[in-house]
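Visitor: My questions will all concern the structure given below.
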Amino acid sequence: MPQYRAVFDAEVTFANDGALQAQGFRVDLPGPDATDEEIGRLFVTSLDLLMAATVEVRNVRIIEEAHKGTRGGPSDPRRT
């Protein structure tokens with residue numbers, strides 16, 4: 001069964017000021033049709049970021065690649 005990951009750039013702004021940027025980040029996806037909103041949620045969850053106010057993802061590419069264990073992703077054993 002194919003597994004998918006997103007490769008993307010992101011910017012998170014925090015409710016208590018500050019921001020975080022990432023380039024070429026990868027997260028596991030449940031399937032090839034994940035939305036930018038879902039990818040953003042997986043990004044924030046994978047890094048355990050608190051107080052994230054906004055998440056913007058850009059340059060999203062969905063690739064077929066084995067899951068690596070993204071927190072909150074489809075291979076996370078804590079996911080319900």
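Visitor: Among the residues of segment 28-46, what is the count of those that are under 13 Å from V12 (Cα atoms), of a type outside the set (D, E) and open to solvent by 70 Å² or more (accessible area, probe 1.4 Å)?
Guide: Of the residues in segment 28-46, 1 are under 13 Å from V12 (Cα atoms), of a type outside the set (D, E) and open to solvent by 70 Å² or more (accessible area, probe 1.4 Å).
Visitor: Another question, then. Please indicate, with yes or no, whether at least one residue in segment 37-46 is in contact with a helix residue (DSSP H, G or I) (Cβ under 8 Å, 6 or more places away or on another chain) and not in a strand (DSSP E or B). Spell out how you get there, then give the answer.
Guide: Taking segment 37-46 first, the residues in contact with a helix residue (DSSP H, G or I) (Cβ under 8 Å, 6 or more places away or on another chain) are none.
Looking for residues that are in contact with a helix residue (DSSP H, G or I) (Cβ under 8 Å, 6 or more places away or on another chain) and not in a strand (DSSP E or B), one finds none in segment 37-46, hence no.
Visitor: Looking at D9 and the list (1) in a strand (DSSP E or B); (2) of a type in the set (D, E, K, R); (3) open to solvent by 60 Å² or more (accessible area, probe 1.4 Å), which single condition is not satisfied?
Guide: Unmet for D9, out of (1) in a strand (DSSP E or B); (2) of a type in the set (D, E, K, R); (3) open to solvent by 60 Å² or more (accessible area, probe 1.4 Å): (3).
Visitor: Can I ask one more? Among the residues of segment 1-36, write down those that are over 15 Å from T70 (Cβ atoms) and either polar (S, T, N, Q) or touching a helix residue (DSSP H, G or I) at 6+ places or on another chain (Cβ under 6 Å) (or both).
Guide: Matches in segment 1-36: T13, N16, Q21, Q23, T35.
Visitor: Hey, another quick one. Can you name the residue in segment 47-80 that is of a type in the set (K, R) and assigned to a loop (DSSP other than H, G, I, E, B) and is also surrounded by the most Cβ atoms within 10 Å (Cβ to Cβ) among such residues?
Guide: Of the residues in segment 47-80, the ones of a type in the set (K, R) are 58, 61, 68, 71, 78-79.
So of that shortlist, the ones also assigned to a loop (DSSP other than H, G, I, E, B) come out as 68, 71, 78-79.
Details: K68: 13, R71: 16, R78: 6, R79: 12.
The extreme case among them is R71.
The values are calculated or read from the model by the stated rules, or taken from the named source; none is laboratory data. Owing to the predicted nature of the structure, the values given are computational and were not obtained by experimental measurement. As a convention, Cβ positions derive from the backbone with ideal geometry for all residues, glycine included, and neighbour counts pool all protein chains shown. Calculation scope for accessible area: heavy atoms of the full protein, side chains included, ligands and nucleic acids excluded. Shrake-Rupley method; radii C 1.70, N 1.55, O 1.52, S 1.80 Å.
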